[in-house]
Amino acid sequence: MAQENIFFFVPNLIGYARVVLALISFYLMPCCPWPAVFCYLLSALLDAFDGHAARALNQSTKFGAMMDMLTDRCATMCLLVNLSLLYPSYTFLFQLSMCLDIASHWLHLHSSTIKGSASHKTIDLSGNPILRIYYTSKPVLFVMCAGNELFFCLLYLLHHIEEPAGKMFPSFHPVMSDVSEPQLTSTHCRIRHVSPAVAKVHTFCTQVKVQIPV
């Protein structure tokens, strides 16, 4: 029987759509904030579906896992580059966030590969409890990822909207007209503060693992 072409697996086709949507988002960011955010968040949302498709159709591949990881990291990095242009006084913090995000995930993926794990999301359940909860609890993983992306997207939108809540909900929710920018992003900001902590745990645990002889 002829071997199937993994490049046409359903999860990988979803992955290609994610890449295209991300590129469209990057192109629109300088001029069209709402379409840009729509494409960006749709690309991020599809991340939840490619994994389900891979498991349901038994089409999990290392290529798909790698593309999934790279799409996530590149998308976040490009959004942070745009935020650096919009908020130049915070450029250094955005740069630190990019470095920590990429370095921690790359180290974790590399350590998983050299340890022979089938997926970077397959971890030693006897290992660090923070990473165990992060990767084994779907609600926690979803809240962390969604909160992180929404925080950055709100920062991007707030730069383009003078009165964010009032313009977004002018007649449907009059109460929203009194909501300030800090209030609008406070919940996502709290979630965002947890993400660097998880990334630091990623980095530390990876350094421990790569020192263990295979």
*Name the shape class, rounded, prolate or oblate, that the alpha-carbon gyration tensor gives for the stretch 30-109, where a ≥ b ≥ c are the square roots of its eigenvalues, rounded holds for a/c under 1.5, and otherwise prolate holds if a/b is larger than b/c and oblate otherwise.*
oblate
*Treat each spin label as a single point 7 Å out from the Cα along the C-beta direction, and report the Lys62 to Glu4 distance in nm.*
1.9
*Sort Glu149, Glu4 by accessible area with a 1.4 Å probe, largest first.*
Glu4, Glu149
*Would you kindly state how much longer the chain becomes between Leu93 and Met77 on full extension, computed as 0.36 nm times their sequence separation minus their alpha carbon distance, in nm to one decimal?*
4.5 nm
*Stretch Arg132-Ala48 to full length: gain in nm at 0.36 nm per residue minus the Cα-Cα span?*
28.3 nm
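The values are calculated or read from the model by the stated rules, or taken from the named source; none is laboratory data. If you're wondering where the values come from, they're calculated on a predicted model, not measured in any experiment. Reconstructed Cβ throughout: ideal geometry from the backbone, glycine too, with neighbour counts over all protein chains shown. In case anyone asks, the SASA skips ligands and DNA or RNA and just uses the protein heavy atoms, side chains included. Shrake-Rupley method; radii C 1.70, N 1.55, O 1.52, S 1.80 Å.
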